[in-house]
Amino acid sequence: MKIIHIADTHLGATAFSRIDQETGMNLREKQIYDNFLASIHEICRQRPDVLLHAGDLFDSVKPRTQAYVTAFEALEILSEAGIPLVAIAGNHSIPKTRYTRAPFALFEYYPGTVHMAYQFRYEAVEIGDTVFHLIPNMLRPEAYRTAYDEIERRPGHHNILVTHGLASDIRDRRLATVAEHEIDPTMTTGDFDYIALGHYHNQSQIGPRAWYSGSLEHLTYGEIHERKGGLVIDPGRQSVTPLSLPKTPMIDLGSVSAEDLSAAEVIRAIEERIGTVATEPMPMAQISLLGIRKETARAIAGRELARLREPLLDLRIRTLTAEDLVTGERQDTAAFNIQEEFATFVKGRGLPEKTEAFILQKGSAVLSSVIEEAETE
């Protein structure tokens with residue numbers, strides 16, 4: 001059996017303050033929808049027997065209408081190709097109480113082949129010669145072990161465990177998101193033909209047969225050097241092959257030694273770096289200014305930065321003053337994603353869609369300016 005493993009698609013995620021002129025939608029949000037559907041088409045060209053999604057299909061427990069539309073469009077594409085979807089709920093898109101229905105309840109009415117585990121319990125799905133043992137994001141950390149102990153491996157079948165959480169081996173990589181639970185190490189080393197994990201966004205192997213597929217997109221600048229995409233699994237041969245899938249580029253423009261440069265010289269240096277990258281599709285980019293004087297950093301803020309960002313989706317400028325370089329005591333604003341936490345908070349308020357979109361757009365712009373000012377200061 002040929003299986004493709006993906007996770008953490010985060011449909012509905014927004015970032016930055018750019019708007020798509022045709023739709024009025026947040027441009028980053030639209031990119032994620034478009035790239036997700038392009039990825040589904042590419043997956044169909046690979047002709048797997050099953051598409052496996054290991055959680056966080058949506059970015060929120062109350063997805064936007066367009067996020068639902070995109071998900072159902074993907075299901076139609078998969079259905080026409082005869083590819084069943086097996087999926088679990090992740091921490092971003094599952095209620096934090098048993099008394100609230102999950103967004104995945106809608107998929108129960110879809111006539112195609114969809115197996116979705118989201119009700120805080122272990123479920124098993126058999127397709128062909130393979131049994132998928134599904135443990136979605138749970139309400140409490142200890143519930144993972146309880147669910148795991150219910151698993152009965154089927155002899156004569158390939159047995160695949162699917163769950164969502166942070167492996168204890170990488171507890172130092174916490175994403176600081178709501179309901180982020182740690183996975184018992186015995187679960188990532190269990191006797192399965194393959195263990196499909198979701199939550200951690202960097203494509204990586206955790207145990208002998210346990211893999212995070214990673215997210216499809218770079219969702220924060222902290223992920224700039226992480227591997228993205230999907231994994232092609234052959235449980236019979238126990239082979240795992242990375243699969244490149246469409247995504248918006250996130251480019252590291254490197255560092256500039258700015259200690260002896262004027263503001264005009266720094267701006268020219270940034271322009272030269274931007275000029276070396278393709279701007280279609282519109283990428284996100286990061287550049288580091290080393291040893292920059294505080295007064296110089298203040299001088300390149302405002303309109304000049306807006307002009308520099310124009311050909312890009314976004315430009316993140318990391319500034320390290322001479323004092324930072326000597327002491328090494330600089331707080332990186334990417335370590336705690338305040339934009340993501342703000343979005344999670346707003347989306348959990350149950351606001352009308354237009355009100356929510358307005359607050360997210362304005363709040364994101366304000367937070368971006370605050371973060372920028374903090375980095376230059």
Using 0.36 nm per residue of separation minus the Cα-Cα distance, give me the extension gain between A306 and K362 in nm, one decimal. 18.5 nm
Quick shape summary for the range 51-93, equivalent ellipsoid via Cα gyration tensor, semi-axes whole Å in descending order, reads 19, 14, 4
Dipole of the chain [Lys/Arg +1, Asp/Glu -1 at C-beta], most positive-end residue of L320, P63, A105: A105
Rg to Rh, two decimals, where the chain supplies the alpha carbon set and Rh follows Kirkwood: 1.00
FRET efficiency for L139 and A264 from the Cβ-Cβ distance with R0 = 41 Å, rounded to 0.05, comes out at 0.15
Per DSSP H run of n ≥ 4, the term is -39500 (n - 2.57); total these for the chain, divide by its residue number, and report the mean residue ellipticity at 222 nm rounded to 500 deg cm²/dmol. -9000 deg cm²/dmol
Convert each backbone phi in the range 264-280 into a coupling constant with the Karplus relation 6.51 cos²θ - 1.76 cosθ + 1.60 (shift: θ = phi - 60°), then list the ³J(HN,Hα) values in order as whole Hz, x for Gly and Pro. 4, 5, 5, 4, 4, 5, 5, 4, 4, 5, 4, x, 8, 10, 6, 9, 10
Lys/Arg +1, Asp/Glu -1 at C-beta; the range 112-269 dipole; positive extreme among H199, A124, V266: A124
Within the range 36-66, which residues have the backbone N less than 11 Å from the label spot 7 Å out from R101 along Cα→beta-carbon, could you tell me? none
Based only on other Cβ atoms within 10 Å, what is the fewest-to-most ordering of H225, H53? H225, H53
If every Lys and Arg gets +1 and every Asp and Glu gets -1 at its Cβ, then about the Cα centre the chain yields a dipole, in debye to the nearest 20, of 540
Mind giving me the FRET efficiency for V232 and V69? R0 is 30 Å, r the Cβ-Cβ distance, nearest 0.05 is fine. 0.60
Only four residue types carry charge here, +1 at the Cβ of Lys and Arg and -1 at the Cβ of Asp and Glu. Report the dipole size of the range 31-130 about the Cα centre in Debye, rounded to the nearest 20. 500
In what sequence do S17, S262 fall when counting other Cβ within 10 Å, fewest first? S262, S17
Number of Lys pairs in the chain with C-alpha atoms less than 21 angstrom apart, excluding same-chain neighbours closer than eight positions? 15
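Coordinate-derived values only; no laboratory data. What you are looking at is a predicted structure, and each value in this text was computed from that prediction instead of being measured. Here Cβ is always computed from backbone atoms with ideal geometry, including for glycine, and neighbour counts include all displayed protein chains.
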